[in-house]
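Down below is the structure, laid out as structure tokens.
The values are calculated or read from the model by the stated rules, or taken from the named source; none is laboratory data. As the structure is a prediction and not an experimental result, all values here were calculated from the model. Cβ sites come from the backbone with ideal geometry, for glycine too, and all protein chains shown count toward neighbours. With ligands, DNA and RNA removed, areas are computed over all heavy atoms of the protein, side chains included. Shrake-Rupley method; radii C 1.70, N 1.55, O 1.52, S 1.80 Å.
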Amino acid sequence: MSAAVTDSASLAPTTDIASLRGDFPALQQRVHGHPLTYLDSAASSQCPQAVIDAIGTQQGLNHANVHRGVHQLSERATLAYESARERVRDYINAASEREIIFTRGTTESINLVARSFGGSRLSAGDEVLITWMEHHSNIVPWQMICERTGAKLVPVPITDAGELDRAAFDRLLTDRTKIVAFVHVSNALGTVNPARELIGKAHAAGAVVVVDGAQAMPHKRVDVRDLDCDFYAFSGHKMFGPTGIGVLYGKENLLEEMPPWQGGGEMILTVSFDGTTWNHLPGKFEAGTPNITAAVGLGAAVDYLARIDFAALEAHEAALLEHATERLGEIDGARIVGTAADKASVLSFVIDGIHAHDVGTIVDAAGVAVRTGHHCAMPVMDRFGVAATARASFALYNNHDDIDRLILGLGQAVELFA
Amino acid sequence: MNELQELYREVILDHNRQPRNFGEIGDADRVIDGVNPLCGDRMTLYVKLNGATVQDVSFRGTGCAISVASSSLMTERIKGASVDETMSLFEMVHDMLTSDANEPPDELEKLVALAGVREYPSRVKCASLAWHALRAALTGTEHEVSTE
């Protein structure tokens with residue numbers, strides 16, 4: 001397996017983004033008699049064949065528990081699992097594999113930080129700064145830990161364009177702020193936050209920074225040391241890997257100081273009824289048998305992404321967003337929610353007189369998959385005075401035809417509801 | 001488009017555009033909040049009883065066409081009906097939305113317009129929210145209902 005990795009890594013990065021669509025078998029099917037137009041990658045992206053094959057091989061031939069047996073399959077499983085960790089480390093440029101904790105996903109990663117780091121560091125009078133554009137997964141864990149510790153949760157407002165209110169951020173960041181947690185790319189609005197700048201300011205104020213990177217990973221080449229974030233959380237299934245696996249990156253010195261948050265096998269060195277000693281990193285935070293197969297799938301997804309030229313990818317996605325924004329203008333009563341200057345390829349919108357769910361059902365009949373609802377970001381919906389939006393999100397495998405089919409479907413919705 | 005027209009029948013589109021019995025009843029006997037946490041839709045149902053009769057009924061809220069039309073059609077159909085008849089309508093609508101059973105019974109009258117929802121499992125909750133709120137109003141067990 002490691003030989004194949006070396007081979008693929010030695011290839012020059014591909015700049016031909018349009019050619020990648022053929023790698024995704026799910027996109028070759030028809031839905032309701034139409035070619036599938038998949039515009040819901042911000043909810044969950046499709047897997048390339050390489051990821052599907054890696055999952056099949058791991059589950060079919062190498063399945064055993066990790067870090068336990070001395071037999072051949074257990075050694076293979078352990079090697080595959082740890083090799084996935086190493087590839088993730090390399091991909092995000094973490095200093096050590098001890099800084100890569102496998103979790104179930106972004107939500108679990110943030111809960112881990114909130115419970116373990118927040119739970120041991122926060123007390124009454126402290127503040128946790130978040131933003132108004134967070135996904136519920138970067139709100140609720142902090143609410144829970146604030147309630148337990150007496151700390152205060154402070155949300156930074158956003159502008160009408162859906163950008164962070166920078167002046168408010170500067171004002172609300174004080175010496176009471178112990179943790180700053182913000183989304184790198186907003187799932188509901190597409191807004192890209194100026195991560196490096198915010199991290200620098202937070203550090204200058206003495207705060208520790210947690211970044212929710214779930215939506216950034218499929219669009220950007222993230223370098224955690226360049227960002228200098230203290231924690232970075234992301235999910236496999238939003239970056240062309242499988243569900244059930246995610247990562248918490250954390251700086252080693254912080255992870256070392258943090259108490260474990262779940263107890264069980266794997267996270268211990270010795271157990272007796274008089275007391276237990278914790279395992280070294282990263283095992284300390286990986287109690288129980290992990291999702292080995294999904295971790296291997298994530299490793300394959302990272303290999304896949306590592307072969308892509310991200311400048312070309314960003315140009316491809318910017319062109320898609322521009323085309324979609326322009327064509328949505330043809331739809332009567334359509335209004336875009338989230339118009340940040342720096343925006344990922346996410347188009348959230350409402351249409352006068354047609355609820356987002358009706359839009360979703362109608363375009364689905366034309367084979368077009370979009371997300372509808374509050375996108376697990378109810379404060380964002382409240383901020384823009386809407387109950388729900390429809391959201392088309394574009395990934396590396398989408399093209400202009402996909403957008404044209406969406407617009408055709410939206411035209412049918414307007415016609416039906418006229 | 002044909003399948004869609006089966007879901008979005010003219011009656012549904014009409015009740016969505018102009019919902020009947022939309023608003024509050026100041027002296028309602030029962031007020032129930034209904035929420036569909038999956039999509040964030042909310043509605044409040046107001047019921048005024050006169051003995052065992054639904055004397056007046058209204059609703060407020062935001063939702064998709066299916067949810068608004070279902071609420072509107074429901075209030076129109078049950079206003080003036082007995083509580084027993086209303087509960088039996090609840091069962092008939094529930095069956096129509098969730099089972100592949102026979103033709104919907106004639107008693108449903110205009111409510112048969114909701115039959116197309118059955119083909120869209122993700123939308124059944126939109127149609128049934130108002131009815132669950134109604135059942136809670138009449139059985140008097142809860143103040144808030146959820147589709148989850």
- Task: Kindly write out, for segment A:270-284 in residue order, the coupling ³J(HN,Hα) from the Karplus curve 6.51 cos²θ - 1.76 cosθ + 1.60 (θ = phi - 60°), rounded to whole Hz, with x marking Gly and Pro.
- Result: 9, 10, 9, 6, 7, x, 9, 10, 7, 5, 6, 5, x, x, 3
- Modelled FRET efficiency - R0 56 Å, A:Ala12 with A:Ala124, Cβ distances, 0.05 increments: 0.50
- Work out, in µm²/s and without decimals, the Stokes-Einstein translational diffusion coefficient of segment A:326-403 at 37 °C, 0.692 mPa s, Rh from Kirkwood over C-alpha pairs. 249
- Query: Once whole DSSP H runs in chain B are found, which of them have Cα atoms spread over 15 Å or more along the helix axis and a mean Kyte-Doolittle score of at least -0.5?
  - Reply: B:65-78, B:83-98, B:124-139
- Task: Rank-order B:34-42, A:353-361 by packing density, defined as the average count of other C-beta atoms within 10 Å over each peptide's residues, highest first.
- Result: A:353-361, B:34-42
- Task: Sort the following peptides by mean Cβ neighbour count (other Cβ atoms within 10 Å, averaged over residues), highest first: A:100-109, B:126-135, A:172-181, A:140-149.
- Result: B:126-135, A:100-109, A:172-181, A:140-149
- The rounded separation in angstrom of the Cα centers of segment B:57-129 and segment A:168-196 is 45
- Choose one of A:Thr159, A:Met378, A:Ile101: the residue whose Cα lies farthest towards the positive end of the charge dipole of chain A (beta-carbon charges +1 Lys, Arg; -1 Asp, Glu; about the Cα centre). A:Ile101
- Message: Within 10 Å of each Cβ in B:61-70, how many Cβ atoms from other chains are there, averaged over the peptide?
- Response: 4
- Note on the structure: Given A:341-347, A:186-192, the highest-first ranking by average Cβ count within 10 Å works out to A:186-192, A:341-347
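Grab the DSSP H runs of the protein assembly as shown that are 4 residues or longer, score each as -39,500 (n - 2.57), total them, divide by all residues and round the 222 nm result to the nearest 500 deg cm²/dmol.
-11500 deg cm²/dmol, from helical runs alone.
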- Task: Sort out for me the Cα centre separation of segment B:1-50 from segment A:256-281, rounded to whole Å.
- Result: 54
- The answer for the protein assembly as shown, accessible area per residue at 1.4 Å probe in Å², is 41
- Amide H proximity to A:Lys152 below 5 Å, modelled H, separation 5+ or other chain, gives A:Gly125, A:Asp126, A:Glu127, A:Val128
- Note on the structure: Cα-Cα longer than 19 Å, checked against A:Lys251/A:Lys284; A:Lys178/A:Lys251; B:Lys79/B:Lys125, kept in input order, equals B:Lys79/B:Lys125
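With +1 assigned to the C-beta of every Lys and Arg and -1 to the C-beta of every Asp and Glu, and no other charges, what is the dipole magnitude of segment A:328-418 about the Cα centre in debye, to the nearest 20?
Roughly 340 debye for segment A:328-418.
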- Query: Taking only C-alpha pairs under 8 Å that are 6+ residues apart, what is the relative contact order of chain B in percent?
  - Reply: 29
- Query: Normalized C-alpha radius of gyration of segment A:1-157, against 2.2 N^0.38 Å?
  - Reply: 1.40
- In segment B:2-146, with Lys and Arg counted as +1 and Asp and Glu as -1 at Cβ, which of these residues, B:Leu111, B:Met92, B:Pro19, has the Cα nearest the positive end of the dipole, that is, farthest along it? B:Pro19
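When the Kirkwood radius is taken over all Cα pairs of segment A:58-306, what Stokes-Einstein diffusion coefficient follows at 37 °C and 0.692 mPa s, in µm²/s?
177
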- Query: Across bins of 5 angstrom width beginning at 0, how are the C-alpha pair distances of segment B:82-148 distributed, in whole percent?
  - Reply: 3, 17, 28, 25, 17, 9, 1
- Message: If amide hydrogens are placed 1.01 Å from N in the peptide plane, which non-local residues have theirs closer than 5 Å to the one on A:Ser393?
- Response: A:Asp40, A:Ser41, A:Ala42, A:Leu347, A:Arg371
- Residues whose modelled amide H sits under 5 Å from the amide H of A:Thr276, counting only those 5 or more places away in sequence or on another chain, are none
- Task: Determine how many Å³ per residue the convex hull of the Cα atoms of segment B:2-146 encloses.
- Result: 99
- Message: Tell me the relative contact order for chain A as a rounded percent, counting alpha carbon contacts under 8 Å between residues six or more apart.
- Response: 24
- Item | At 0.692 mPa s and 37 °C, Stokes D of the protein assembly as shown from Kirkwood alpha-carbon radius, µm² per second | 127
- Query: Taking each residue of A:347-358 in turn, how many C-beta atoms of other protein chains fall within 10 Å of its C-beta, and what is the average?
  - Reply: 4
- Item | For chain A, with +1 on Lys and Arg beta carbons and -1 on Asp and Glu, the positive-most of A:Gln262, A:Ile354, A:Ala54 along the dipole | A:Gln262
- Query: Counting Lys and Arg as +1 and Asp and Glu as -1, what is the net charge of the other residues whose Cβ lies under 13 Å from the Cβ of A:Arg87?
  - Reply: -2
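Using a simple charge model, +1 on the beta-carbon of Lys and Arg, -1 on the beta-carbon of Asp and Glu, nothing else, what dipole does segment B:2-146 show about its Cα centre, in debye to the nearest 20?
For this selection, approximately 460 debye.
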- Message: Can you list which of the DSSP-assigned H helices in chain A have a Cα extent of 15 Å or more along the long axis and an average Kyte-Doolittle score of at least 0.5?
- Response: A:292-306
- Could you work out Rg/(2.2 N^0.38 Å) for segment A:94-190, with Rg from alpha carbons only? 1.12
